[in-house]
Amino acid sequence: MRPGFHVFLLFSAHALALPAGTLTATFERSADEAGVPPALLLAIGFEASHLLPHEEASAWGGRTLFDFVEIDEIGGPDLERASALIATDPNRVVADWRLATRAAAALLADSARATNGGMLPDPTDLDAWQPALRAFSGRQEPLLQDLYVQGVYTLLRRGFEAEGVLGTARIAPQPVSVCRPVAPPPGSTDYTGAEAYVQACSENYSDYSRGSADIDMVIIHTVQGSYGGCASWFQNCSAGASAHYVVRSSDGAVTQMVSEADVAWHAGNWDVNLRSVGIEHEGYISECSYYTDELYAGSAALTRDIASRQGVPLDRSHIIGHDEVPDPDGSGYGGSGHHTDPGDCWDWDYYMTLLTGGSGGELIGYVRAEDIYNADGNLVGATAWIEETGATTVVGEDGLYRFAGAPAGNYTVHASISGYAEGTCFAELTGSQEWCSIALFPGTVEDTGGGADTGGGADTGEDTGTDKLPLRPPGAPGKPVEMPEVGAGCAALPGASAGWALALAALGLRRARRR
């Protein structure tokens, strides 16, 4: 069964009969002890971690299945308070997911009493627990609370399945109302499909006035954490990082956090930051279940919109992962040497097909003097052409030729320039991109030669989650940018949208199972 959301008629919000020691039994016991709905407790854990243990804390210091934080200013469920409610040392709570579950249930109950006149709401009435969840979230701003509640209740409305080392949990769709932020007013977001605009702290990005002539790339990231946690973190002025957009796993919802005219700090390479738009995606690179069809479709709609407005080519030279960003100097600030997101679970072929409508892939390669790995040997202005189609192009300033929109198949690529013998490489294009680099050697065009490179560079380095403070030139702009907070408030969502499903059906696409 592929990652995604499914309908399960397994148990109600409050009545479970499960074997002792299982994931769901632990949640049931903790929920009963605290008097909270077990389905809501499971949804809280699923929103934060997909009910999977993660050894590393999130970028904002979130720990356990529930993304508990120790510092109030960061924004998140309070570890110290939750631990005190079950009279347990916080270190033990962090180390034992069962204690973390008890602590989360106790914190939810305590939040419910604080928002309901000292009484617990009926555990069978899930909607009555929304005020408690806002308090449980630890977020201070109403809009961030809205996003958190929306994420958890979207999961309840759709139903979800978690499978992992701790066991299996399945929740059938629940008849709940989904609170959603009031749509931003027209013109307040660059992307009209954004659910909300949550302004990142002005100390986490640079004030610029970029236009379409300045932007030619989109960088794909994975949060290494939750959607709501990422939004809260980018608002925290100690983060030293930001992205223009964040995309949610459950339904593909998009929140904008930095104007596209400004430079977000996301790539770990200042030159790339200057020319790109950064998109964070909820999840962890090692957990394929986060990469749902809904996430892909929501992200692809956003990227297509950015590309149409900013003139970004929809190919793998301009739509790249964070792991493909050049590492500027090995200093540890990001790029391919220090990050591996979006990771092996990310299906580039599927994503690029959503972007292009199946219009073909890209043949790309360097044309260089004598050695395809010699960065100083770019033969700018060389002519490259495809033998099978006759398509011709010129090598650009970056030393690369590109043929976009090529159908799957076998290709012979030639290159030539005055003073060098013609070179050739061979490639089989089966996905969204195939590399085929050519080395040219001094001689005449009648000579033959050249060598082929049939693959890109390997991903290396350790992923550190949401990005560190990027490299910036001394004195780079960073003054506060005042943008009105929009989207605050809550409106009822009558039902889950079928828009993404219809779009996927229209394309006739199915994504391969990823594990």
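The values are calculated or read from the model by the stated rules, or taken from the named source; none is laboratory data. Here the structure is a predicted model, which is why all the values come from computation and not from measurement. Note: ideal-geometry Cβ built from the backbone for every residue, glycine included; neighbour counts use all protein chains shown.
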* **Pairs with Cβ under 8 Å, 6+ apart, first in the stretch 368-387 and aromatic (F, W, Y), second exposed (fewer than 13 other Cβ atoms within 10 Å of the Cβ)** => W385/T392
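Conditions tested, residue by residue: (1) over 22 Å from S299 (Cβ atoms); (2) part of a loop (DSSP other than H, G, I, E, B).
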site: G343; (1), (2): no, yes
site: L354; (1), (2): no, no
site: E388; (1), (2): yes, yes
site: A404; (1), (2): no, no
site: F426; (1), (2): yes, no
* Asked: Going through the stretch 75-89 one residue at a time, which ones are assigned to a helix (DSSP H, G or I) and surrounded by fewer than 21 Cβ atoms within 10 Å (Cβ to Cβ)?
  -> E80, R81, A84, L85
* Mind counting the residues in the stretch 326-346 that are surrounded by 21 or more Cβ atoms within 10 Å (Cβ to Cβ) and either of a type in the set (D, E) or at pLDDT 90 or above (or both)? => 4
* Number of the condition not met by S209 [criteria: (1) in the same structural domain as R316 (by TED's automatic domain parsing); (2) buried (at least 17 other Cβ atoms within 10 Å of the Cβ); (3) modelled with pLDDT of 90 or more] -> (2)
* Got at least one residue in the stretch 297-304 being touching a helix residue (DSSP H, G or I) at 6+ places or on another chain (Cβ under 6 Å), within 27 Å of A57 (Cβ to Cβ) and in the same structural domain as G225 (by TED's automatic domain parsing)? -> no
* **the stretch 410-424: number of residues that are closer than 15 Å to A391 by Cβ and either part of a loop (DSSP other than H, G, I, E, B) or out of contact with any Ser or Thr (no Cβ under 9 Å at 6 or more places or on another chain) (or both)** => 1
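Looking at the stretch 246-270, which of the residues that are of a type in the set (G, A, S) and either assigned to a helix (DSSP H, G or I) or at pLDDT 95 or above (or both) is farthest from Y191 (Cα to Cα)? Can you show your working first?
Here is the first cut: in the stretch 246-270, the ones of a type in the set (G, A, S) are 249-250, 252-253, 259, 261, 264, 267-268.
This time we only want the ones that are either assigned to a helix (DSSP H, G or I) or at pLDDT 95 or above (or both), so: 259, 261, 264.
Working: S259: 10, A261: 12, A264: 16 Å.
Checking each candidate, the answer is A264.
Which ones in the stretch 286-305 are assigned to a helix (DSSP H, G or I), of a type outside the set (K, R) and surrounded by fewer than 21 Cβ atoms within 10 Å (Cβ to Cβ)? Working first, answer last.
Start the filter on the stretch 286-305 by keeping residues that are assigned to a helix (DSSP H, G or I), which leaves 288-290, 293-305.
Filter once more, keeping what is of a type outside the set (K, R): 288-290, 293-303, 305.
Once the filter is applied, which keeps residues that are assigned to a helix (DSSP H, G or I), of a type outside the set (K, R) and surrounded by fewer than 21 Cβ atoms within 10 Å (Cβ to Cβ), the stretch 286-305 yields C288, A301, D305.
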* **Matching residues, the stretch 58-78, being aliphatic (A, V, I, L, M) and either within 21 Å of R92 (Cβ to Cβ) or at pLDDT 90 or above (or both)** => L65, V69, I71
* Asked: How many residues does the stretch 428-438 contain that are touching a helix residue (DSSP H, G or I) at 6+ places or on another chain (Cβ under 8 Å) and part of a strand (DSSP E or B)?
  -> 1
* Which one is farthest from P442 (Cα to Cα), of the residues in the stretch 364-375 that are modelled with pLDDT of 90 or more and outside any loop (DSSP other than H, G, I, E, B)? -> I364
* Considering each of R309, R316 in turn, give the residue that is modelled with pLDDT of 90 or more, farther than 30 Å from A162 by Cα, basic (K, R) and not in a loop (DSSP other than H, G, I, E, B). => R309
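Of the residues in the stretch 405-421, how many are touching a residue at least 40 places away in the same chain (Cβ under 8 Å) and in contact with a Leu (Cβ under 8 Å, 6 or more places away or on another chain)? Explain how you work it out, then say what you get.
Of the residues in the stretch 405-421, the ones touching a residue at least 40 places away in the same chain (Cβ under 8 Å) are 405-408, 411, 413, 415, 417, 420.
Then keep just the ones that are in contact with a Leu (Cβ under 8 Å, 6 or more places away or on another chain); that gives 406-408, 411, 413, 415, 417, 420.
The qualifying residues number 8.
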* To do: Consider only pairs whose beta carbons are under 9 Å apart and that are at least six residues apart or on different chains; among these, list those whose first residue lies in the stretch 32-43 and is outside the structural domain of A132 (by TED's automatic domain parsing) and within 17 Å of D67 (Cβ to Cβ) and whose second residue is part of a helix (DSSP H, G or I) and at pLDDT below 95.
  => none
* **Scope the stretch 221-238; condition part of a loop (DSSP other than H, G, I, E, B) and buried (at least 24 other Cβ atoms within 10 Å of the Cβ); matching residues** => V223, Q224, S226
